[in-house]
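Below is one structure, written out as structure tokens; comments come after it.
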Amino acid sequence: MSNIYLGYHFTVTPKELGSEILIAELGEKPFESFIETELGFVAYVQKDLWFEAILDDIFVLQSDEFTISYSIEEIDQVNWNEEWEKNFEPIEVDGKCHVRAPFHSKTDAEFDIIIEPKMSFGTGHHETTHMMIQHLLETDVTGLKTLDMGCGTAILAILAEMKGAKPIDAVDIDNWCYLNSIENAERNHCTEISVYEGDAALLSGKKYDLIIANINRNILLNDMSYYVDCLNKNGILLLSGFYTEDIPFIDAACTEKGLTYSKQFERNNWVSLKYVN
């Protein structure tokens, strides 16, 4: 297989939601890495795996809700570290948590997390991850048996361990996320995190004191009964991955199963909710 790549430079409006949907659809194709840009993102595919109709059935490209354009360039031997170094800036949350790539300098933040994000979601830049970090920073998780559902890069599981949670299960249905989570857990010297590849069916018979689920509205609603069945008495459920207008649906699914609303964060119309059993 050659090392020649095609880079699709997408311009997306509105950027956040359109990019999220488009990346999810492209993830079903041979595209293997996505790098955010000011106006959208670049998607990379090996030229040997490319085919003429690769974008023909991408639903969001036909949607009137988004304006999406793109150009294509051929690239010889993409250096992913170099690409991330150009595009991935470290972030800080509430002055306590610093999220950086391996090539960034260490800071004196209380929680210093190293993430090699590549094509996984969960670098801390997206509003939903940022808010989930905020919830964890203000929650005493010491000794809590924890589930990070839809773990992506395992950034939330890593922070939970740094704050004393244990043991921790990190689950994602995507193989790349599964492998990336293992890599990031090792990079941050985590010893309490077990990573699993699969969906909510893996949760049968398990119990947790803290469940973190940063996915999307439809999956959260579909799997809510799994989460509640797994949550111990007085356990905490942290949810994100949806918008302000989705709150009534999420809240109804939680309260009808006996959970009590506790708190929420909002950033740019994205929401993160906290419930207690």
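The values are calculated or read from the model by the stated rules, or taken from the named source; none is laboratory data. A quick note: this is a predicted structure, and the numbers were derived from the prediction, not measured. All Cβ positions, glycine included, derive from the backbone under ideal geometry; neighbour counts span all protein chains shown. In case anyone asks, the SASA skips ligands and DNA or RNA and just uses the protein heavy atoms, side chains included. Shrake-Rupley method; radii C 1.70, N 1.55, O 1.52, S 1.80 Å.
Just read off the accessible area of LYS96 with the full protein assembly in place, 1.4 Å probe, to the nearest 10 Å².
90
Considering only ASP209, ASP169, ASP199, give the residue with the highest GNM mean-square fluctuation for the chain, with springs between Cα atoms whenever their separation is below 10 Å.
Among ASP209, ASP169, ASP199, the largest GNM mean-square fluctuation belongs to ASP199.
Could you tell me the number of lysine pairs in the stretch 117-257 with C-alpha atoms less than 29 Å from each other, where the two lysines are 8 or more residues apart or belong to different chains?
22
From zero outward in steps of 5 Å, how is the percent of C-alpha pairs of the stretch 1-53 spread across the bins?
Reading the bins upward from 0: 5, 21, 30, 23, 14, 6, 1, 0.
Give me the net charge for the shell around LYS263: Cβ to Cβ below 13 angstrom, other residues only, Lys and Arg +1, Asp and Glu -1.
My count for the surroundings of LYS263 gives -2.
Take ILE75 and SER63, extend 7 Å from each Cα along the Cα→Cβ direction, and tell me the distance between the two endpoints in nm.
2.5
If a paramagnetic tag sat 7 Å from the Cα of LYS166 along the Cα-Cβ line, which residues of the stretch 208-250 would have the backbone N under 17 Å from that point?
Residues 209-210 fall inside that zone.
Please give me the summed charge of the neighbours of THR244: other residues whose Cβ is under 13 Å from its Cβ, Lys and Arg +1, Asp and Glu -1.
Cβ neighbours under 13 Å give a net charge of -3.
Net charge near ASN222: determine it from the other residues with C-beta under 15 Å of the C-beta of ASN222, scoring Lys and Arg +1 and Asp and Glu -1.
Neighbourhood net charge equals -3.
With a 1.4 Å probe and all protein chains kept in place, how do LYS257, LYS29 rank by accessible area, largest first?
LYS257, LYS29
For the stretch 128-277, take the convex hull of the Cα atoms, compute a quarter of its surface area, and give me that in nm², please. Write out the running numbers ahead of the final one.
Values: hull surface 30.9 nm².
Its Cα hull, projected and averaged over all orientations, spans 7.7 nm².
How long are the semi-axes of the equivalent ellipsoid of the stretch 116-206, taking √(5λ) for every eigenvalue λ of the Cα gyration tensor, in whole Å from largest down? Mind dumping the intermediate values first?
Details: eigenvalues 61, 53, 32 Å².
One finds semi-axes of 17, 16, 13 Å for the stretch 116-206.
How high is the relative contact order of the stretch 124-277, in percent, with contacts defined as C-alpha pairs under 8 Å that are six or more residues apart?
The normalised contact order for the stretch 124-277 reaches 23 percent.
Give me the extension gain from THR191 to LEU179: residue separation times 0.36 nm, minus the current Cα-Cα distance, reported in nm with one decimal.
Result for the pair: 2.7 nm of gain on full extension.
Between LYS263 and ASN218, what is 0.36 nm times their sequence separation minus the Cα-Cα distance? Round to one decimal in nm.
14.1 nm
Roughly what % of Cα-Cα distances in the chain sit above 34 Å, to the whole percent?
19
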